[in-house]
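Remarks on the structure that follows.
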Amino acid sequence: MFFNNHKELEDKIGYSFKDKKLLDKALTHKSYSVERKMIYHNERLEFLGDSVVGLIVSEHLLKKYLDKDEGFLSKMKSYIVSSKNLHRWAKIIELDKYIKLSKAETLMGGKSKQQILANAFEAVIGAMYMDGGFENAKKFISGLLEANHYAPILDYKSHIQEYSQKKYKTLPHYKLISQTGPDHKKNFVVALYLNNQYICEGEGQSKKEAEQNAAKKAAEKLHINNIK
């Protein structure tokens, strides 16, 4: 049985599937498959989509940043294909409305989990590639790349580390301030110190994300904007 609102999602991604079963498979999480004793889920399409997204992003960066070296391109690609960014793209097309999860996974907040949505996004791209070829997948991803100004959003932690080592000859220090919420929806607050001086705090759904957000705030507060 397939979704009645396939058309709605297809309109959002700008592509109409010839084989609707492929899209349905891309939207089927393994938990749903196991619960319903089905023989398919989206993990194989996710595997394919990961490579397709990576290739499209790599080509885009090569053409956009003609004067940048491999190190810069690698950092940019790493961010763009990260679960955090793919989750952001999944939210743009409201993928959480269409993904099929088991009752248990749904009750545990599965529709808002970063990894589940990021994986489903890759699966949809894999399905699009299988159904319509590389150019259709490229058209959709390229639209997201052009519409989202991601250039300033790099690895702020690495940037702050470089800044601290150059200015103070020491590494930045991150201190966990609080950890609240249920297991499926944790919230972490982390404080950032440079040269033993408190700079700011950041929060996120993981300690790593909180540290990254703290580093971003520090970069803005200290006007460290020469990211390279």
Note to self: Any residue in region 173-196 that is over 18 Å from Ile224 (Cβ atoms) and in contact (Cβ under 8 Å) with a residue 40 or more places away in the chain sitting within a Cβ distance under 6 Å of a residue that is open to solvent by 40 Å² or more (accessible area, probe 1.4 Å) and not charged (D, E, K, R)? List the pairs, counting only those 6 or more apart or interchain.
What the structure shows: His184/Met108
Next item on the list: Pick out the one residue from Tyr65, Tyr129 that is free of Cβ contacts under 8 Å to residues at least 24 places away in the same chain, in contact with a helix residue (DSSP H, G or I) (Cβ under 7 Å, 6 or more places away or on another chain) and more than 23 Å from Gln205 (Cβ to Cβ).
Entry: Tyr65
Next item on the list: Could you check, for region 121-142, whether at least one of its residues is over 30 Å from His223 (Cα atoms), of a type in the set (A, V, I, L, M) and open to solvent by 70 Å² or more (accessible area, probe 1.4 Å)?
Entry: yes
Next item on the list: Filter region 159-212 down to the residues that are closer than 20 Å to Ser112 by Cβ, part of a helix (DSSP H, G or I) and not charged (D, E, K, R), then identify the one that is least open to solvent (accessible area, probe 1.4 Å).
Entry: Ala210
Margin query: Going through Val57, Val34, Val53 one at a time, which residue ends up being open to solvent by 70 Å² or more (accessible area, probe 1.4 Å), of a type in the set (Val, Ile, Thr), out of contact with any Gly (no Cβ under 8 Å at 6 or more places or on another chain) and in contact (Cβ under 8 Å) with a residue 40 or more places away in the chain?
Written below: Val34
Note to self: Take the residues in region 66-93 that are open to solvent by less than 30 Å² (accessible area, probe 1.4 Å) and aromatic (Phe, Trp, Tyr); name whichever of them is modelled with the highest pLDDT.
What the structure shows: Trp89
Note to self: So Asn136 ticks every box in (1) at pLDDT 95 or above; (2) closer than 23 Å to Glu203 by Cα but one. Which box is left unticked?
What the structure shows: (2)
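The values are calculated or read from the model by the stated rules, or taken from the named source; none is laboratory data. Keep in mind it's a predicted model, so treat the numbers as computed, not measured. FYI the Cβ positions are ideal-geometry reconstructions off the backbone, even for glycines, and counts take in every protein chain you see. These accessible areas exclude ligands, DNA and RNA; they are computed on the full protein's heavy atoms, side chains included. Shrake-Rupley method; radii C 1.70, N 1.55, O 1.52, S 1.80 Å.
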